[in-house]
Amino acid sequence: MKVYYKPEHVEKNKKTIITIGTFDGVHLGHQKILDEVVRRAKATGGRSLVITFDPHPRFVVSPDFNLELLTTTDEKLTILDTTEIDNVLVINFTKEFSQMSYENFIKKIICDEIGVEHIVVGYDHKFGKDRGGDKSKLLEMSGICDFTVSGANEVKIDGEVISSTKIRNALKNGELEKANKFLGRNYFFSGKVIRGAQRGRELGYPTANIKPDVHKVIPANGVYFVKVFLRDEEYFGLMNIGTRPTFEHLNNPIIETYIFGLSKNIYSKMVKTEVIKKIRDEVKFVTKDALIRQIEKDIKTAEELIKQNS
């Protein structure tokens with residue numbers, strides 16, 4: 001998969017099948033759109049191209065809105081690279097770019113610089129200044145450089161339409177199973193291992209304190225069964241997200257992970273954490289011994305899950 005960061009760097013080719021969007025999470029709904037782009041490119045002997053944006057447009061047009069991301073741009077590209085998409089154009093979404101009308105976007109970028117045969121859009125996709133462009137507007141403009149347009153229908157699970165917003169809410173509400181089902185994979189985040197208060201070591205279960213990207217969605221407080229990736233190494237782990245209510249009750253939650261079978265120092269290392277299953281909610285224990293007994297139970301639960309996932 002080739003990645004471009006400026007439209008002028010994409011060689012012009014009329015036989016291009018394009019889709020446009022932020023694709024935060026690259027969830028099952030997005031994957032249906034991508035599959036249609038790939039199918040059409042193969043059928044016509046053309047090339048497939050995804051146009052996406054960095055940063056997320058909300059950070060520019062609604063800076064006061066506290067948007068949390070399912071995927072950073074790097075994570076999004078990593079996921080897209082596992083698909084059959086040929087090319088991705090990541091457009092730098094600036095204040096100036098946000099003022100471009102959908103007409104100019106289609107005419108100057110899609111038609112004049114990239115070339116296009118067909119555009120696939122999501123059922124609710126809007127683009128351009130003030131989100132003025134949609135499927136109907138594309139159809140009106142299709143004669144400008146002779147392209148066709150199709151829309152991908154929404155994808156439902158258990159009668160509910162999949163969306164990035166619903167996945168974010170599910171993660172924040174502790175509904176990990178629903179989030180992972182809508183994503184079509186386990187939710188993950190990356191972060192640097194930092195020094196903590198050594199509470200886990202005091203309890204006999206040393207943990208890695210992980211600081212994720214500031215814009216990432218962090219699942220609800222609780223204890224989770226996870227898989228940890230350290231470069232080419234994979235480990236299972238028991239992750240706690242919370243405020244340490246048994247001890248000091250912090251203002252902001254921290255992420256601590258007990259990693260099975262890991263003994264080396266990984267401070268300052270980057271790790272990726274794949275969140276597989278929620279084991280329980282965060283609880284305040286009356287004594288430290290009561291907490292230790294619960295940790296022992298959690299570890300036994302995790303060991304059974306390791307057997308199931310190995």
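The values are calculated or read from the model by the stated rules, or taken from the named source; none is laboratory data. None of the values given here were measured: they were computed from a predicted structure. Every residue, glycine as well, gets a Cβ built from its backbone with ideal geometry; the counts of neighbours run over all protein chains shown.
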Per-region count, segment 283-298, residues at pLDDT below 90 and of a type outside the set (S, T, N, Q): 9
Wholly within segment 137-233, strands (runs of 3 or more DSSP E) carrying at least 2 residues that are among the small types (Gly, Ala, Ser): 148-152, 187-194
The one condition in (1) surrounded by fewer than 15 Cβ atoms within 10 Å (Cβ to Cβ); (2) at pLDDT 95 or above; (3) over 25 Å from the mean Cα position of the chain (by Cα) that Arg195 fails to fulfil: (2)
Which listed residue, of Pro57, Pro63, is surrounded by 15 or more Cβ atoms within 10 Å (Cβ to Cβ) and modelled with pLDDT under 95: Pro57
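Can you say whether Pro63 is of a type outside the set (S, T, N, Q) and out of contact with any helix residue (DSSP H, G or I) (no Cβ under 8 Å at 6 or more places or on another chain), as far as the supplied structure shows?
Judged against the criteria, Pro63 is a match.
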Residues (small (Gly, Ala, Ser) and on the phi > 0 side of the Ramachandran plot) located in segment 127-185: Gly128, Gly159, Gly174, Gly184
Every pair of residues 6+ apart whose Cβ atoms lie under 7 Å, when the first sits in segment 152-178 and is outside the structural domain of Val275 (by TED's automatic domain parsing) while the second is among the aromatic types (Phe, Trp, Tyr) and at pLDDT below 95: Ala152/Tyr123; Asn153/Tyr123; Glu154/Tyr123
Tyr267 vs. criteria more than 26 Å from Leu70 (Cβ to Cβ), within 27 Å of the chain's Cα centre (by Cα) and either hydroxyl-bearing (Ser, Thr, Tyr) or in the same structural domain as Thr72 (by TED's automatic domain parsing) (or both): yes
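Please indicate, with yes or no, whether at least one residue in segment 120-129 is modelled with pLDDT of 95 or more, of a type outside the set (Ser, Thr, Tyr) and assigned by TED's automatic domain parsing to the domain that holds Ile33.
Looking through segment 120-129, at least one residue is modelled with pLDDT of 95 or more, of a type outside the set (Ser, Thr, Tyr) and assigned by TED's automatic domain parsing to the domain that holds Ile33.
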